[in-house]
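Report on the structure given below.
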Amino acid sequence: CYFPVFYAVREFAKGGDLVTAREKYVANFRDDVLALWKIWVPATVCNFAFSPMYMRIPVVAATSLVWTSVLSMMRGAGDETYEA
């Protein structure tokens, strides 16, 4: 899972440390994984069930754009969810 790297890079960019990144990762893990599953599982099922071969890569790219936007909205605004 790439969430530990996401939180570490985000903390380093803000001048934080690995301890804070780990705390945020642990605090948000459940919500992050559930959001990931809500986006990627249906998109993958629909992609392989209904998309023709030539459209599968564009569908994955579009899903990735949506997922990145969702993750940015969830974790980019501030630390509302995290309380150490």
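Residue by residue, here is whether (1) under 18 Å from residue 73 (Cβ atoms); (2) in a helix (DSSP H, G or I); (3) under 13 Å from the mean Cα position of the chain (by Cα) holds:
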residue: 12; (1), (2), (3): no, yes, no
residue: 19; (1), (2), (3): no, yes, no
residue: 28; (1), (2), (3): yes, yes, yes
residue: 37; (1), (2), (3): yes, yes, yes
residue: 43; (1), (2), (3): yes, yes, no
residue: 46; (1), (2), (3): no, yes, no
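Could you check region 62-78 and list, in sequence order, the residues that are open to solvent by less than 60 Å² (accessible area, probe 1.4 Å) and in a helix (DSSP H, G or I)?
Listed by number, the residues that qualify are 62, 63, 64, 67, 69, 70, 71, 74, 75.
Can you pull out every residue in region 4-30 that is in contact with a helix residue (DSSP H, G or I) (Cβ under 7 Å, 6 or more places away or on another chain) and open to solvent by 90 Å² or more (accessible area, probe 1.4 Å)?
Matches in region 4-30: 18 only.
Quick grid of which residues meet (1) of a type in the set (Gly, Ala, Ser); (2) out of contact with any Lys or Arg (no Cβ under 6 Å at 6 or more places or on another chain):
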position	(1), (2)
7	no, no
13	yes, yes
22	no, yes
27	yes, yes
30	no, yes
33	no, yes
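List, please: which pairs have Cβ atoms under 7 Å, are six or more places apart or on different chains, and start with a residue in region 31-59 that is surrounded by 15 or more Cβ atoms within 10 Å (Cβ to Cβ) and end with one that is part of a helix (DSSP H, G or I) and among the polar types (S, T, N, Q)?
Pairs found: 39/63; 40/63; 43/63; 59/47.
The values are calculated or read from the model by the stated rules, or taken from the named source; none is laboratory data. The model shown is predicted, which means the values in this text are computed figures rather than measured ones. Reconstructed Cβ throughout: ideal geometry from the backbone, glycine too, with neighbour counts over all protein chains shown. The accessibility values were calculated without ligands, DNA or RNA, using every heavy atom of the protein model including side chains. Shrake-Rupley method; radii C 1.70, N 1.55, O 1.52, S 1.80 Å.
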